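Heads up: the structure comes next, in structure tokens.
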Number of protein chains: 2
Amino acid sequence: MRIAHIAPLYESVPPRLYGGTERIVAYLADALVDLGHDVTVFASGDSSTRAELVSARALAFRLDPHPLKSDLAAHLSMLHEVRRRADEFDLLHFHVDLLHFPLFEDIAERTVTTLHGRLDLEDLAGIYQRWPRFPLVSISDRQRLPLRFAHWVGTAYHGLPPELLEPPATPSGGYVAFLGRISPEKRPDRAISIARRAGRPLRMAAKVDAVDVGYYREEIEPLMTGGGVEFIGEINDAGKRLFLGNADALLFPIDWPEPFGLVMIEAMACGTPVIAWDCGSVREVIDHGVTGFIVDSEEQAVEAVARLPELDRGEIRRVFERRFSAPVMARRYLELYESVLTSSAMGADMSPTRSLSPTLPAQPATALVYSA
Amino acid sequence: MRIAHIAPLYESVPPRLYGGTERIVAYLADALVDLGHDVTVFASGDSSTRAELVSARALAFRLDPHPLKSDLAAHLSMLHEVRRRADEFDLLHFHVDLLHFPLFEDIAERTVTTLHGRLDLEDLAGIYQRWPRFPLVSISDRQRLPLRFAHWVGTAYHGLPPELLEPPATPSGGYVAFLGRISPEKRPDRAISIARRAGRPLRMAAKVDAVDVGYYREEIEPLMTGGGVEFIGEINDAGKRLFLGNADALLFPIDWPEPFGLVMIEAMACGTPVIAWDCGSVREVIDHGVTGFIVDSEEQAVEAVARLPELDRGEIRRVFERRFSAPVMARRYLELYESVLTSSAMGADMSPTRSLSPTLPAQPATALVYSA
């Protein structure tokens with residue numbers, strides 16, 4: 001199949017440091033190439049992929065020091081180029097949320113759009129009512145809840161290349177880990193409290209964004225003075241392998257509707273169990289009692305730390321390989337591509353009316369909805 | 001004429017406090033109504049206009065306290081609604097930069113797009129090459145320099161309702177004024193230095209954005225300790241009337257390509273001369289020796305302060321009324337609307353090829369270019 005992936009231009013594909021969406025585009029494109037498909041990636045020119053790369057801009061935005069730039073203009077120019085070349089592809093897979101809707105409405109039936117973010121924002125519902133023909137993919141079933149009516153064709157969980165992160169031969173253990181961003185919805189304060197009550201050292205590998213410096217200084221740093229907490233800053237994939245692989249568990253005490261939570265499967269790839277709050281995607285990613293524990297309170301989290309020896313780290317890695325590897329993700333997307341294209345070939349007359357018609361259809365015709 | 005104005009949703013129309021684009025939309029729409037036209041304004045629901053208001057969102061973004069919102073989604077939904085109703089209007093006038101291009105390409109010839117911002121951003125040229133059919137209006141001739149090739153149909157200077165700001169009966173005088181935003185490109189440091197060297201007190205009415213707090217604290221506050229500088233914060237239109245009207249001059253020592261510089265005509269409306277650096281639009285707005293002085297150095301600015309008594313404040317107000325009142329702006333836009341619509345009716349076959357054609361036209365066909 002000739003497949004185009006259209007990535008955001010904020011990070012390179014994959015990102016040099018932090019960044020989720022562009023990372024998944026990179027892994028998915030490479031895995032589709034490995035499965036024999038003809039894949040083109042529209043992304044920033046500093047990307048690196050086994051697919052054909054079309055550079056939409058020399059540098060990804062976040063690392064481009066130029067002070068005068070326009071992310072909207074760069075993305076619209078890229079989409080214009082994708083549109084100009086659309087006939088070269090059987091299927092166009094968009095990772096840019098909703099910006100492409102105006103340009104691809106007439107060929108929506110051979111597109112797939114993965115929504116990578118939270119969907120409970122105030123202004124979103126109107127968009128999916130007005131452009132109901134784009135087949136949408138969620139990254140967890142729970143992610144869809146704020147927009148149940150939208151034209152979902154399935155859920156595809158994220159996946160990592162199996163060799164990217166692997167369990168160490170003999171995990172040193174002796175600490176619990178917190179990995180990600182220091183921000184109120186990630187609840188690093190809970191992680192500190194749980195570790196302390198469970199009597200384990202906590203190591204925190206996290207970046208602190210400019211907007212979160214105040215929160216870090218005022219809320220988190222004072223908690224660290226009690227001892228038993230080591231803050232090691234931002235780490236790369238090589239660092240993650242050691243940091244996660246040697247931990248007794250990853251603490252994931254989140255307080256927001258996490259759409260997927262890549263760090264959970266990074267831990268699983270290292271054979272490391274996850275102790276996670278029951279929010280967003282967590283129930284879909286973690287098998288309670290197998291790959292970790294799902295909890296609702298600090299008490300339960302502390303109990304879960306005591307029960308960690310019950311879990312088989314080899315089995316955690318096997319679950320990762322079975323459910324969350326990049327080849328599994330790529331095969332799932334191929335299923336979705338096929339179902340969208342088949343539906344487009346068979347059911348063209350049953351598709352919802354063009355959204356620019358005088359009355360807005362409240363829902364897409366169910367014939368095009370393939371729930372996972 | 002049935003005219004639609006499509007405003008940004010960041011501020012209400014007009015803004016409650018700071019904000020340029022939405023202010024101009026408000027004044028232009030009201031002036032067009034006064035001239036007998038049938039005007040519809042697409043804007044946030046907290047706007048206030050004599051035209052018909054279509055609310056695209058209950059609250060403008062900047063004053064909406066809701067933490068989870070999407071400006072892109074809200075603007076795209078609004079544009080979808082404008083598109084759905086496009087046949088109700090003879091002409092659509094866009095004030096949202098470039099976001100509407102994908103949706104209105106097939107009726108570009110009955111649209112006008114005023115570009116309100118600086119145009120020397122890295123990613124912009126590609127947009128105007130790829131969508132060459134939209135008739136563009138600049139707010140100064142100088143604003144066009146980075147995008148000379150684009151499809152300009154004319155320049156329309158901003159205008160204010162004549163009664164909004166008026167000269168006081170007897171200006172108290174005795175100080176020079178700085179009005180706007182505290183930021184490096186506005187050069188408040190130069191204003192302080194000029195006032196001090198000229199031996200006049202300086203009054204600064206300015207807002208300090210979150211991103212500029214560091215600059216204010218580190219660069220500007222220390223300069224104020226020398227005395228002779230009074231900082232009075234952000235002011236509204238009633239405050240401006242007194243603040244500008246009683247000043248000996250407005251200092252406008254900018255260091256960036258100002259696309260228009262609304263504050264210059266606010267001063268002129270009050271009969272107050274402007275001492276301005278020769279940047280961006282300044283030569284087009286200020287008549288040297290009549291409505292103010294155009295300078296290139298602090299020395300020249302200090303000399304200009306000494307020469308202020310040469311200027312006739314009554315004449316400054318008259319120049320404002322002649323060149324920069326809202327009715328003048330509205331009549332200029334009506335000329336541009338007529339020329340665009342006439343050109344569209346006559347020259348449809350001479351228009352550039354659709355930008356989605358395989359080769360990108362480097363420039364629009366000159367037949368559609370009406371330079372001011």
Provide the convex hull volume over Cα atoms per residue for the stretch A:237-324, in Å³.
85
Where does the charge balance sit around residue A:16 when Lys and Arg score +1, Asp and Glu -1, over other residues with C-beta under 15 Å from its C-beta?
-2
Taking the alpha-carbon centre of each part, the distance from the stretch A:168-243 to the stretch B:265-337 in Å is 58
Degrees, to the nearest 10: B:71-84 long Cα axis against longest axis of chain B
50
Can you give the average number of partner chain beta-carbon atoms within 10 Å of each beta-carbon in peptide B:123-131, as a whole number?
6
In the B-onto-A rotation, chain B's nearest residue to the axis by C-beta, with distance in whole Å, turns out to be B:102, 2
Sum of -39500 (n - 2.57) over DSSP H runs of 4+, divided by residues of the protein assembly as shown (222 nm, nearest 500)
-9000 deg cm²/dmol
Loop-resident sites, the stretch B:99-182, for GluC sites (Glu not before Pro), counting at most 10 other Cβ within 10 Å (DSSP):
B:163
Straight-line reach only, C-alpha to C-alpha below 24 angstrom: list the lysines that residue A:207 could link to, leaving out same-chain residues fewer than 8 apart.
A:186, A:240
Sparsely packed trypsin sites (Lys or Arg not before Pro) within the stretch A:147-213, loop by DSSP, other Cβ within 10 Å at most 15:
A:148
With Kirkwood's inverse mean 1/r over C-alpha pairs for Rh, give me the Rg to Rh ratio of the protein assembly as shown, two decimals please.
1.02
Of B:256, B:281, B:243, which is farthest on the positive side of the dipole of the stretch B:239-289, counting Cα position, with +1 on Lys and Arg Cβ, -1 on Asp and Glu Cβ, and the Cα centre as origin?
B:243
Can you list, shortest first in nanometers, how far residue A:35 lies from the same residue in the other copies, with each label 7 Å from Cα toward Cβ?
5.9
Across peptide B:67-78, how many C-beta atoms of other chains are within 10 Å of each residue C-beta, on average?
6
Please go through the stretch A:219-325 and write out the GluC sites (Glu not before Pro) that DSSP classes as loop and that have at most 14 other C-beta atoms within 10 Å.
A:234
Regarding the stretch B:241-292, what is the average projected area of its C-alpha convex hull, in nm²?
3.1
Neighbours of residue B:273 by Cβ distance under 12 Å: Lys/Arg at +1, Asp/Glu at -1, summed charge -2
Regarding the stretch B:152-243, what is the average projected area of its C-alpha convex hull, in nm²?
8.4
Cα extents of the stretch B:176-321 along the three principal axes, largest first, in whole Å?
40, 30, 28
At 7 Å out from Cα toward Cβ: residue A:90 inter-copy label distances (nm, ascending)
5.3
Provide the convex hull volume over Cα atoms per residue for chain A, in Å³.
140
Lys, Arg +1 and Asp, Glu -1 on Cβ, resulting dipole of the stretch B:176-321 about Cα centre, debye, nearest 20:
420
Here the relative contact order (percent) of the stretch A:176-321, from C-alpha pairs under 8 Å and at least 6 apart, is 24
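Computed from the coordinates by the stated procedures, all read-outs in this text should not be read as laboratory data. Just so it is clear, the model here is predicted, and its values are computed rather than measured. Don't worry about glycine lacking a Cβ; one is built from the backbone with ideal geometry, like all the others, and counts go over all protein chains shown.
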